[in-house]
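The values are calculated or read from the model by the stated rules, or taken from the named source; none is laboratory data. No experiment lies behind these values; they were computed from the predicted model shown. Positions of Cβ are backbone-derived with ideal geometry, glycine not excepted, and every protein chain shown enters the neighbour counts.
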Amino acid sequence: MTTSHESGFFTEETSAEVVIARNANAGNERLKQVMAVITRKLHEAVKEIEPTQDEWMQAILFLTETGHTCTDWRQEFILLSDVLGVSMLVDAVNNRKPSGASESTVLGPFHVADAPELPMGADICLDQKGTPMLVHGRILDTAGNPVAGAKIDVWQANDEGFYDVQQKGIQPDFNLRGVFRTGADGRYWFKGVKPKFYPIPDDGPVGKLLAALGRHPYRPAHLHYIIEAEGLATLVTHIFDPDDPYIASDAVFGVKDGLMATFKPVDDPARMADAGFAAPFVEVAFDFVLAPQPA
Ligand code: BEZ
Ligand code: FE
């Protein structure tokens with residue numbers, strides 16, 4: 001008598017290896033490797049969880065709803081990857097930086113590719129709402145040299161926690177976005193508004209999942225940056241307000257120690273005049289260090 005293992009039939013014990021063996025003729029070795037790992041881990045999960053048929057159908061319907069929620073401007077699967085910590089893990093394995101280089105974090109869904117290039121020092125807050133903010137710093141390489149000609153693409157939510165693209169017709173187009181280019185000293189500076197925490201889009205299946213898990217959907221206040229320079233690795237990152245109520249519980253796990261900035265209130269009239277503000281403002285100073293381009 002032969003056992004089912006010897007016969008190669010599918011059993012509870014042999015399930016993963018039977019499926020993996022069936023993929024032996026895959027033309028793409030990487031696909032074969034990826035599917036073997038995913039199959040093994042997925043079968044292991046089913047064996048540990050032992051879902052009922054109803055629970056498995058709930059999982060299928062959740063993924064179906066996640067797909068149906070995606071549009072040209074909303075990507076619910078990325079949001080799912082974000083709240084599972086997978087986006088940050090993929091970022092981590094792809095951005096192991098030499099010591100001294102600035103850390104990366106998630107891109108998020110609110111970047112706009114064609115934001116205007118502005119003169120250094122410009123105010124990206126086009127509606128003058130909220131507490132004015134001056135942001136400045138240097139772009140350096142890991143040897144401490146200033147990086148000339150670095151392209152700095154910045155975007156942020158407003159003082160109520162909304163990006164311009166979420167409030168079309170309420171905020172001006174391209175509000176709180178701009179692209180700047182450093183000169184020979186590697187310095188950058190621009191004006192904006194003190195950002196506020198905000199919820200990730202939570203009116204879909206991912207929001208329902210967070211609620212069922214007893215989790216809030218908030219991201220702590222931050223400014224987004226993409227910094228690119230010839231011969232250096234592109235840096236996609238944020239800087240965060242360490243005093244934000246959600247700093248220790250970011251819904252998408254994007255916070256890192258090295259990305260804390262200080263949002264310093266300034267109400268000295270001489271400094272206000274110096275910075276070109278008629279009212280008290282917050283000052284944020286932050287240098288970025290770009291890693292060498294990977295080989
Ligand atoms: C953001 O910071 O813009 C963001 C990141 C991940 C999910 C949602 C929003
Ligand atoms: Fe954001």
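Can you tell me how many residues in the range 99-114 are of a type in the set (V, I, T) and more than 13 Å from ligand 1 (Cβ to nearest atom)?
Final tally of qualifying residues: 0.
Yes/no matrix, rows are residues, columns are (1) crowded, with 22+ Cβ neighbours inside 10 Å; (2) among the hydrophobic types (A, V, I, L, M, F, W, C); (3) within 16 Å of ligand 2 (Cβ to nearest atom):
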| position | (1), (2), (3) |
| --- | --- |
| D202 | no, no, yes |
| P205 | no, no, no |
| A212 | no, yes, no |
| H216 | no, no, yes |
| R219 | yes, no, yes |
| G231 | no, no, no |
| D241 | yes, no, yes |
| Y246 | no, no, yes |
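Might you check whether a residue that is within 16 Å of ligand 1 (Cβ to nearest atom), at pLDDT 95 or above, assigned to a helix (DSSP H, G or I) and among the small types (G, A, S) occurs anywhere in the range 146-158?
Scanning the range 146-158 turns up no residue that is within 16 Å of ligand 1 (Cβ to nearest atom), at pLDDT 95 or above, assigned to a helix (DSSP H, G or I) and among the small types (G, A, S).
Would a scan of the range 264-272 turn up a residue that is at pLDDT 95 or above and under 20 Å from Q156 (Cα atoms)?
Within the range 264-272, one or more residues are at pLDDT 95 or above and under 20 Å from Q156 (Cα atoms).
Can you confirm whether R215 is over 20 Å from W155 (Cβ atoms) and within 14 Å of ligand 1 (Cβ to nearest atom)? Quick ask: steps written out before the conclusion?
Numbers: over 20 Å from W155 (Cβ atoms): yes; within 14 Å of ligand 1 (Cβ to nearest atom): yes.
Yes; evaluated as a whole, the condition is true for this residue.
Please go through (1) at pLDDT 95 or above; (2) out of contact with any helix residue (DSSP H, G or I) (no Cβ under 8 Å at 6 or more places or on another chain); (3) away from ligand 2 (no atom under 16 Å from the Cβ); (4) closer than 25 Å to A261 by Cα for S102 and return the number of the only condition it doesn't satisfy.
Of everything listed in (1) at pLDDT 95 or above; (2) out of contact with any helix residue (DSSP H, G or I) (no Cβ under 8 Å at 6 or more places or on another chain); (3) away from ligand 2 (no atom under 16 Å from the Cβ); (4) closer than 25 Å to A261 by Cα, S102 misses just condition (2).
What residue, among those in the range 176-192 that are within 14 Å of ligand 2 (Cβ to nearest atom) and under 22 Å from P280 (Cβ atoms), is surrounded by the most Cβ atoms within 10 Å (Cβ to Cβ)?
As a first pass, look at the range 176-192 and keep what is within 14 Å of ligand 2 (Cβ to nearest atom): 176-177, 192.
Keeping just the survivors that are under 22 Å from P280 (Cβ atoms) gives 176, 192.
Numbers: L176: 29, G192: 26.
Per the criteria, the residue is L176.
List the pairs whose first member sits in the range 244-256 and is at pLDDT below 95, whose second member is away from ligand 2 (no atom under 12 Å from the Cβ), and whose Cβ atoms are under 8 Å apart, counting only residues at least 6 apart or on separate chains?
As it stands, the answer is none, since no pair meets every condition given.
Looking at this structure, is A45 more than 16 Å from ligand 2 (Cβ to nearest atom), part of a loop (DSSP other than H, G, I, E, B) and at pLDDT 95 or above? Before the answer, list the steps.
Numbers: more than 16 Å from ligand 2 (Cβ to nearest atom): yes; part of a loop (DSSP other than H, G, I, E, B): no; at pLDDT 95 or above: yes.
Here the answer is no, as A45 does not meet what is asked.
When the residues of the range 232-252 are narrowed to those that are away from ligand 1 (no atom under 13 Å from the Cβ) and among the β-branched types (V, I, T), which ends up nearest to F263 (Cα to Cα)?
Only one residue fits best here, namely I247.
I want to confirm something. Restricting to the range 105-124 and keeping residues that are within 16 Å of ligand 2 (Cβ to nearest atom) and within 24 Å of R187 (Cβ to Cβ), which single residue is surrounded by the most Cβ atoms within 10 Å (Cβ to Cβ)?
In this case the residue turns out to be T105.
Considering D114, D127, which residue is free of Cβ contacts under 8 Å to residues at least 24 places away in the same chain and either within 21 Å of the chain's Cα centre (by Cα) or part of a loop (DSSP other than H, G, I, E, B) (or both)? Outline the logic, then answer.
Details: D127 fails: free of Cβ contacts under 8 Å to residues at least 24 places away in the same chain.
Every option except D114 fails the conditions.
Take the conditions within 21 Å of W155 (Cβ to Cβ) and either in a loop (DSSP other than H, G, I, E, B) or aromatic (F, W, Y) (or both) and apply them to G137. Does it pass?
No: the conditions fail for G137.
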